[in-house]
Each structure stands twice: as structure tokens, then as C-alpha cells.
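The values are calculated or read from the model by the stated rules, or taken from the named source; none is laboratory data. The shown structure was predicted, so the numbers you read here are calculated from the model rather than taken from an experiment. Neighbour counts run over all protein chains shown; Cβ positions are idealised from the backbone, glycine included. Remember, those area values only see protein heavy atoms, side chains included, never the ligands or the DNA or RNA. Shrake-Rupley method; radii C 1.70, N 1.55, O 1.52, S 1.80 Å.
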Amino acid sequence: MNETASLRARAEIDLAALRANVRVLRARAAGAQLMAVVKSDAYGHGAVPCARAALEAGATWLGTATPQEALALRAVGLGGRVMCWLWTPGGPWREAIEAGIDVSVSGMWALREVVAAASEAGIPARVQLKADTGLGRNGCQPADWPELVAAARTAEDAGTVRITGLWSHFACADEPGHPSIAAQLNVFRDMVAYAEKEGVDPEVRHMANSPATLTIPEAHFDLVRTGIAMYGISPSPELGTPADFGLRPVMTLVASVALVKQVPAGHGVSYGHHYTTTAETTLGLVPVGYADGIPRHASGRAPVLVGGVRRRIAGRVAMDQFVVDLDGDEIEVGSEAVLFGPGDRGEPSAEDWAQACDTIAYEIVTRIGSRVPRVHLNGTPAES
């Protein structure tokens, strides 16, 4: 038995699929650069190998949420443009500035802190101003934009910052035809025009996330930020399947069946006995649970491929394990239980799991925990 097969569970990450997805997305936005978003450990896929694969496929930027994520990329020697956007007071501004990381600023408090850190470092900070065009999360409101732009321009004239980007984020790009899409685009254009009138000369203007990259070409501007689509998952089933967009899911989640046993009719299964066998049958034990990121909401609902047959979780998902009813089939211990993957072998997809759990596929892949090793396949020597 090889090392991969002997693992209790594993998330196989197909880097060839990721590189192909990046090339497809670049073609969708041929006039723009592409930022590979690798926040949250590359949506659960492994930040460093995925970042390297994306750069190899032509991504020119890497994007993270937190500065710690961005600094971790620099720590392994990844060069090029890296941007991070989720800051809190007292964050590691100076370390980010010295690492040449683009930092996002949404308000005056952040600009004051980054200017102070740049002055201490003696290096201009690469700053991107974020506009709140209607999402209502991070970003500067239109009413406060003139003050932020003026202060950033003053700092730029003083040599403490370089305004490298103007950007925003959609609220409903995954809902085709939603009226907020056009409204946000109009607000963004107005806020960019104002900043440029005040002397801002950004390297990039960007607003498009994965769904906008796929379906809203007028939102591509200079740069698109692709997250979930890069990992081969459709940002919204309403927009189409991964295959509709020429994308391939990158993660396959597999576990080894730990036990197979015969039980009589009327036998309760797992906590609470929410599942009871209706006839004499065989049960298979799959050794992953909610401590591994398997949603408890999957109890009695989510599909699993065992022995070439799609089956449903029987009873509650526990912390470390769940059970499938094998309907009398004799499955060998150590056989694969495929929770989700591209679907080539008839296995469920992450979207199937999302629908079973009343959530989105983003959550299914990002929640897979650190107890599940990532096995990166089809990597180059630099990615291995």
C-alpha cells in the first residue's frame, strides 16, 4: 500500500487543473491582469503550492485577506505583486511595507497608521484605496472619499505612500441582472474619476471577483480577482456549472473506510438514532467528522461514493467519523470513500454537498481542517 492510500483521509489537490483554470480565466478577461486570491490557505487547497501554480499559469498578482497570509507568501520567497486587504488597528504595517506588499486602506485611521509605519521604515508604502460602492462592508463611503483621497495624495506628495490601486467589491455579482451590479459600477467609475481628477495615477483599477470575471466584462478594468473559480468551483449554480465555464474542480476529498460490519434490521446508527436500519444490512465507517470540517448539517443528507455507488450519510456526523449504509454490499476495509471531487468517477461534487447542507461550495472546501493532509498532485519541482 502506498503512502497516499494509507492515509486516514486526504484532500488531493490537482495543480494541473488549477493552472488550466487560471488560463481559462485569463482568457475570459484577456485585457486585464489576473490576481490569484489565495486567502484562507487558498480556500483550503494550500496557499503556497497554489500560489506558485497560479503564477506559473500567468497570474501576475496574489491576493490575501490578512497581512499574516501575505507575509507568509513572502517568507517562502514568492515575489511579484501581493495585496492584502483586511487590516485592524496596530497591524503589521511596517513588516508589510518592507516586504513590498500592497496594503488596502478604507478609512483615515488606516491611512494614518500606514503613513506612520512608512515614515519609520523609510520606504514608501504601496497603498490601494478601497471604495464602498454599495457592498456595505469594508471600503470608504462616497461621502468620505474626498477626505481620504486628499490625505492620501498629501502623503504621496510627501513620499510616504504610493497610491497603486483603486478598487471595490461587488455585492451581487453572482446574481445575473441584479440592479446593484450596474449601480455599483456607476459609483465606482465616479469615485475613480474623482480620485484621478485629484492627481491619483493608479497602476490598477479593479472590481471583478470570480462571478464578475466570468459574466461581467465591463467590470474587468485593469485587473480581475479570481478566488473560488480558480479552484474549479462555480461562484453560483445559477451562472452555470464549472464545466459550463471550462473549469475543473481542483480538490478531491477521500477517506479510507475504517470498518465494515453486518447489523440486523432495526439497528440504530450514530448519536440520537436519527437513522435506523430497515433491514439486515452492512454499515461502513468513514473516519472523518466535524473536527475535520465535515458539516454536521450533512447528517443524513450528504452523498458519498463508496464501492462505486453513491450512498448517503446514515445518521449524525460525529466529531471524527460518520457511517454510510452499504445496503448489504461487502466493501473491503481500506476502500476509498470519495466525499467530493470533479465527478469523473461518479463521485459527488462540492456543490452537491453545498446543496445537501444548505450552504455554498465555498464553505465546503474552505472548512476542511488541518487534520486532513493536502496531497498536491501534478506539481512542478517548485510547487512540491
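Quick rundown of the values:
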| read-out | value |
| --- | --- |
| For the chain, built as a Gaussian network whose Cα springs stay under 10 Å, the top-fluctuating residue of VAL365, VAL187, VAL323 | VAL187 |
| TRP109 versus ASP358: modelled label distance in nm, points set 7 Å from Cα along the beta carbon direction | 3.5 nm |
| Leading residue at positive end of dipole, region 20-97 (Cβ point charges), from ALA27, ALA53, THR88 | ALA27 |
| For region 147-245, Kirkwood radius (reciprocal of mean inverse C-alpha pair distance, Å) | 14.8 Å |
| GLN262-ARG137 pseudo-label distance in nm [points 7 Å out on the Cα-to-Cβ vector] | 5.4 nm |
| Carbon plus sulfur fraction of accessible area for region 46-99, probe 1.4 Å, in percent | 58 percent |
| Accessible area in square angstrom per residue, the chain, 1.4 angstrom probe | 41 Å² |
| ARG345-GLU238 pseudo-label distance in nm [points 7 Å out on the Cα-to-Cβ vector] | 3.5 nm |
| Theoretical FRET efficiency, 1/(1+(r/R0)^6), r = Cβ-Cβ of ALA30 and THR380, R0 22 Å, to 0.05 | 0.35 |
| Residue-averaged 222 nm ellipticity for the chain, from DSSP H runs of 4+ at -39500 (n - 2.57), nearest 500 | -8500 deg cm²/dmol |
| Reduced Cα scattering model of the chain, Debye log10 I(q)/I(0), q = 0.06, 0.09 Å⁻¹ | -0.28, -0.58 |
| Region 207-314 - Debye-derived log10 I(q)/I(0), Cα point model, q = 0.18, 0.21, 0.24 Å⁻¹ | -0.95, -1.14, -1.34 |
| Cβ charges +1 (Lys, Arg) and -1 (Asp, Glu), total dipole of the chain, debye | 260 debye |
| Net lengthening on full extension, ALA116/ASP329 (0.36 nm per residue, minus Cα-Cα) | 70.0 nm |
| Electrostatic dipole magnitude of region 1-113 [Cβ: Lys, Arg +1; Asp, Glu -1; Cα centre; debye, to 20] | 280 debye |
| Dipole in debye (nearest 20) - region 212-349, about Cα centre, beta carbon charges: Lys, Arg +1; Asp, Glu -1 | 300 debye |
| Residue among SER210, SER370, SER236 with the largest mean-square fluctuation in a Gaussian network model of the chain, springs linking Cα atoms under 10 Å | SER370 |
| Burial order of peptide ranges 49-57, 214-222 (average beta-carbon count within 10 Å, highest first) | 49-57, 214-222 |
| Candidate lysines for bridging to LYS197, where Cα separation is under 18 Å - those fewer than 8 sequence places away on the same chain excluded | LYS130 |
| Segments 372-379, 108-115 sorted - mean Cβ within 10 Å per residue, highest first | 108-115, 372-379 |
| The chain: angle of helix 47-56 to the longest principal axis, Cα-based, in degrees nearest 10 | 70 degrees |
| Sequence ranges 171-178, 288-295, 158-165, ranked by mean other-Cβ count within 10 angstrom, highest first | 288-295, 158-165, 171-178 |
| Ellipsoid equivalent to region 330-384 - semi-axes via the Cα gyration tensor, in Å | 22, 19, 12 |
| Gain in span if fully extended, GLN68 to GLU56, counting 0.36 nm per residue against the direct Cα distance | 2.0 nm |
| Modelled label reach - ASP157, point 7 Å along Cα→Cβ, region 195-213 residues with backbone N closer than 14 Å | 198-200 |
